[in-house]
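The values are calculated or read from the model by the stated rules, or taken from the named source; none is laboratory data. Everything numeric in this text was worked out from a predicted model, so none of it was measured. Cβ placement follows ideal geometry from the backbone for every residue including glycine, while neighbour counts extend to all protein chains displayed. Accessible surface is based on the protein model in full, side chains and every heavy atom, while ligands, DNA and RNA are left aside. Shrake-Rupley method; radii C 1.70, N 1.55, O 1.52, S 1.80 Å.
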Amino acid sequence: MSDHILKTLEQAKDELQKHEEAVISTKRFINQLCTFGGMPLPYKDEELQATNGAKGIGLTIRRNTFFGRPLATCVREYLEMRKDKPVKEATLAEIIDALKEGGFDLDKISEKADDAKRGVAITLAKNPQFHRLPNDDWGLLAWYPSVKRTKESKTNGSGTSSTGDDSSQSTGEDPQPELKTQPVTEAAAVTN
């Protein structure tokens, strides 16, 4: 085959993949609406992940890329590979498929597939560099600066905030601790 035909085939496959991703995204949205409305989900997880994975979004993961490496590092690298794709976030099933494709030994986590899946989910949940989205997709916390700021303001709003009186109101914390300290400060100022 000529190079021109091969290039055209690749372009057609890329275009097909974009359409498949759009269909899957729409199905996920429909499932979210059904969840919100209290209705049964019309699309099962298997349908939403049939063409997903590294190959499903046009990624090529070399064999043994993840072999012998830490789990969090492998997942972070996989998510970074997806950064420029239409959907940069990944489902847990997509992450596990990519780990397998890259040669990660999931048997080190557990020999049972369900337990290995659970172990990966627990590892991601405990690691602060990952963020689980409301639709159960996973992304890197660095992609969501507003989420990061919210977490920082909660820790800063507990008494170490430098933003003043508004920090307790913006984080939704009870402003009473500051009210308790103000009378003490005023009383000390009156006696001096």
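Tabulated values for the structure
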| item | result |
| --- | --- |
| Any hit, region 150-169, residues being modelled with pLDDT under 90, hydroxyl-bearing (Ser, Thr, Tyr) and under 30 Å from residue 29 (Cβ atoms) | yes |
| Tally, over region 82-115, of residues that are within 21 Å of residue 60 (Cβ to Cβ), open to solvent by 60 Å² or more (accessible area, probe 1.4 Å) and part of a helix (DSSP H, G or I) | 2 |
| Options 44, 83; residue that is modelled with pLDDT under 90 and under 20 Å from the mean Cα position of the chain (by Cα) | 83 |
| Given (1) out of contact with any strand residue (DSSP E or B) (no Cβ under 8 Å at 6 or more places or on another chain); (2) open to solvent by less than 20 Å² (accessible area, probe 1.4 Å); (3) in contact (Cβ under 8 Å) with a residue 40 or more places away in the chain, index of the condition residue 66 fails | (3) |
| Search result, residues across region 16-36 that are over 16 Å from residue 87 (Cβ atoms) and either of a type in the set (Phe, Trp, Tyr) or open to solvent by 60 Å² or more (accessible area, probe 1.4 Å) (or both) | 33, 35, 36 |
| Selection status of residue 79, under 17 Å from residue 133 (Cβ atoms), open to solvent by 20 Å² or more (accessible area, probe 1.4 Å) and in contact (Cβ under 8 Å) with a residue 12 or more places away in the chain | no |
| Long-range neighbours under 7 Å by Cβ, at least six apart or interchain, first residue within 17 Å of residue 88 (Cβ to Cβ) within region 1-28, second modelled with pLDDT of 75 or more and open to solvent by 90 Å² or more (accessible area, probe 1.4 Å) | 18/86; 21/86 |
